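Only the coordinates and a few stated rules stand behind these numbers; no lab work does. Since the model is a prediction, treat every value here as computed from it, not as a measurement. Please note: Cβ atoms are built from the backbone with ideal geometry, for glycine as well, and neighbour counts cover all protein chains shown.
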Amino acid sequence: MAQGATIYNLAIDLADMDRGVYETLDLRVARHPSESTAYLVTRVLAYCREYTEGIAFSQGISAGDEPAIWVRDATGQVTAWIEVGLPDATRLHRGSKLSGRAVIYTHRDATQLCTQLAGQKIYHAESIPVYALDRHLIDGLATHLERRCALSLSITEGQIFATLGEVSLSGSITTHRIA
């Protein structure tokens, strides 16, 4: 019998001072059995950092032709294609062409990812930012994440400050470009 997704209920107090976004989010996030907790945390942080009207998690790993997260306008048109982890060039090309704006959030080695994608056929590759999230922050959140929890996030000047229960963590966001 196939194992089903694990549902996480996250109450998030978001303060993104860089963009002037202050929201309280109640997220139900499905974690596919093959998805690591670090990937799940990266997805949630990407969602929070990109939070805007029309943002949604896609069907995720089980839908190979969709990004981890996307933003749609009122007509249903995709306006942002947000990949997480180590996306391949074909999906990134499709997403950039479809939406006009694509971004990548990764908890892996961003330099290696950019090198792998360099020279590949990717629509407007030079304008796609690759945001590397601090691995210690990701690992710390992944260690303490529970299926039902409250998370406080403050984002300012390329730094993320997180409080999960009694644990306070911080880490940087570095920007890379596909060469």
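GNM remark for the chain: springs join alpha carbons under 10 Å apart, and the peak mean-square fluctuation among Ala80, Ala110, Ala30 falls on Ala30.
Exposed loop sites were defined as GluC sites (Glu not before Pro) in DSSP loop states (anything but H, G, I, E or B) carrying at most 16 other C-beta atoms within 10 Å; in the chain the longest segment without such a site runs 54-145.
Please identify the longest segment of the chain free of exposed trypsin sites (Lys or Arg not before Pro), where exposed means a DSSP state other than H, G, I, E or B and no more than 14 other Cβ atoms within 10 Å. Before the final figure, lay out each step's value.
Numbers: sites that count: Arg19, Lys121, Arg147.
The segment 20-120 is the longest one with no such site.
Cα centroids of the stretch 94-169 and the stretch 6-63: 11 Å apart.
What's the Cα-based Rg to Rh of the stretch 59-155, Rh via Kirkwood? The partial results should precede the final answer.
Working: Rg = 14.8 Å, Rh = 14.7 Å.
Answer for the stretch 59-155: 1.00.
Which value, in debye to the nearest 20, gives the size of the charge dipole of the stretch 6-177 about its Cα centre, when Lys and Arg are +1 and Asp and Glu are -1 at the Cβ? Mind showing how you got there, number by number?
Numbers: 16 positive and 20 negative charges, 101 e Å.
The dipole magnitude comes to about 480 debye.
Share of pairwise Cα-Cα distances greater than 30 Å in the chain is 14 percent (whole percent). Using the Karplus relation 6.51 cos²θ - 1.76 cosθ + 1.60 with θ = phi - 60°, the per-residue 3J(HN,Hα) values for the stretch 11-21 come to 9, 10, 9, 9, 10, 9, 5, 5, 10, x, 10 Hz, with x marking Gly and Pro. Placing unit charges on the Cβ atoms of the charged side chains and taking the dipole of the stretch 1-91 about its Cα centre, the candidate lying farthest along the positive direction among Tyr51, Leu25, Val84 is Val84.
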